[in-house]
Structures are given as C-alpha cells and as structure tokens.
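S.K.: Please see the structure below; I have some questions.
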Amino acid sequence: SLRSGGSGSISLLHSDALARYQWQSSQGSGFTNLNDGTGITGVTSGVLTFSNMPLSAKNRRYRCIIRTGGCIDTTDEVLLTVCGTLLSHPKDQTVKQGQQTIFSIRHEDPDAIFQWQILSGNAFMNLLDNQQYFGVRNDSLIILNTSRADSGSVFRCLSESHGCMDTSKTALL
C-alpha cells in the first residue's frame, strides 16, 4: 500500500547473479511489459521502484519475468493499493442560535468513506443521522437548528480510502 504521491518498491532475489528481469503490470486487461518512466524505475532489475504514485494506480497488479540460463520463471502477482488523502479539513463555525451550519472536508478519493464524530467528555463518538445531524457518512455534515447547548461542540471526520485511514483536524461550533 502507498499513499497517493508516495514512494515505495517491490524487490525480489534470485540465486543467479546473471538473471535478467522484466517487470510487468496489469489493471485488469492482461499483463504488459513496463518501461522506466514517469513514477517507475528499475523495470529490468530486481527492485521495482515507485515514486509520486497517482490515485489512478490503485489496484494495479505487478509481476516479474525472470530469465536465467535457458529457463523462464514468473513471480507471483503483487497488488498495489494506492490510498487517497484528505485535501482539506473542517473550519470552525460561528452561527446564531436556530440557524444551520455545515462542516466540510475534501478528499481526493471519490470512493472514500466518511464518519463524522463529536467530542463527548474525553472521547469522540460517531454521530448518527437524526433530527439535528444530517450527512454523518458524507464529506459534509449539516447541523440543523443549532442551540446554545451546541456552543463549544467539537467535531471531526474520519475517512477511509482503500484501507488507509485519516482523521481530520477538529472544528469548533
């Protein structure tokens, strides 16, 4: 797993120091040979290196063809998961009693999953959609009909993108 924009590598060892390598990738339509280029290097070595991986690279499979002597072998496939990240955090809000307000975040992964929370005592608790809170599983939380009791409430949002979790900064109402 890598964060979008992140770096990493896949490596393998072979007992033949003269072995030749060719890395391949597939995103569901068969494997094709890789070439060194944007974000990928080492395609003919034992170490395939990734840099600045885009979110669009999620769920690509990689394998290596190894040629040694007269033999050809293919490694098992490795699945690369690229996770998105938070692009913005909720901002503190000041509203008049009885008004509604919205806390929002932005995430680069359109498939990200969200959960808004409120600080209750010393711990954060998941919010549920109800008569006051709407969109608790979306990137924007709507709070309807605010009251004095809501003043000082602290909110945050959890997000999940392909197995990577993020927690937003907190915002004060």
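S.K.: Can you pull out the residues in region 23-33 that are closer than 11 Å to Ile65 by Cβ and surrounded by 14 or more Cβ atoms within 10 Å (Cβ to Cβ)?
M.R.: Scanning region 23-33 gives Trp23, Gln24, Phe31.
S.K.: For region 45-58, does any single residue satisfy the condition of being charged (D, E, K, R) and modelled with pLDDT of 90 or more?
M.R.: Checking region 45-58: not a single residue is charged (D, E, K, R) and modelled with pLDDT of 90 or more.
S.K.: Okay, next question. Name the single residue that is surrounded by the most Cβ atoms within 10 Å (Cβ to Cβ) among those in region 149-169 being in contact (Cβ under 8 Å) with a residue 60 or more places away in the chain and polar (S, T, N, Q).
M.R.: Ser161
S.K.: What single numbered condition from (1) of a type in the set (Ser, Thr, Tyr); (2) closer than 26 Å to Cys164 by Cβ; (3) surrounded by 14 or more Cβ atoms within 10 Å (Cβ to Cβ) fails to hold for Thr38?
M.R.: Checking Thr38 against (1) of a type in the set (Ser, Thr, Tyr); (2) closer than 26 Å to Cys164 by Cβ; (3) surrounded by 14 or more Cβ atoms within 10 Å (Cβ to Cβ), the one that fails is (3).
S.K.: Can you tell me which residue in region 20-40 is farthest from Asp76 (Cα to Cα), limited to those that are in a loop (DSSP other than H, G, I, E, B) and touching a Lys or Arg at 6+ places or on another chain (Cβ under 8 Å)?
M.R.: The qualifying residue farthest from Asp76 (Cα to Cα) is Gln27.
S.K.: Check off (1) closer than 30 Å to Gly6 by Cα; (2) of a type outside the set (Phe, Trp, Tyr); (3) touching a strand residue (DSSP E or B) at 6+ places or on another chain (Cβ under 7 Å) for Thr81 and give me the number that stays unchecked.
M.R.: Thr81 satisfies every listed condition except (3).
S.K.: What strands (runs of 3 or more DSSP E) lie completely within region 41-148 and have 3 or more residues being of a type outside the set (Phe, Trp, Tyr) and open to solvent by 80 Å² or more (accessible area, probe 1.4 Å)?
M.R.: 71-74
S.K.: Looking at region 1-18 only, could you name the residues that are assigned to a strand (DSSP E or B), over 14 Å from the mean Cα position of the chain (by Cα) and either among the aliphatic types (A, V, I, L, M) or farther than 21 Å from Glu160 by Cα (or both)?
M.R.: Ser9, Ile10, Ser11
S.K.: Still on this structure, I have one more. Count, please, the residues in region 123-164 that happen to be modelled with pLDDT of 95 or more and among the basic types (Lys, Arg).
M.R.: Of the residues in region 123-164, 2 are modelled with pLDDT of 95 or more and among the basic types (Lys, Arg).
The values are calculated or read from the model by the stated rules, or taken from the named source; none is laboratory data. All values reported here derive from a predicted model rather than from experimental measurement. Every residue, glycine as well, gets a Cβ built from its backbone with ideal geometry; the counts of neighbours run over all protein chains shown. Surface areas here come from the heavy atoms of the whole protein model, side chains and all, with no ligands, DNA or RNA. Shrake-Rupley method; radii C 1.70, N 1.55, O 1.52, S 1.80 Å.
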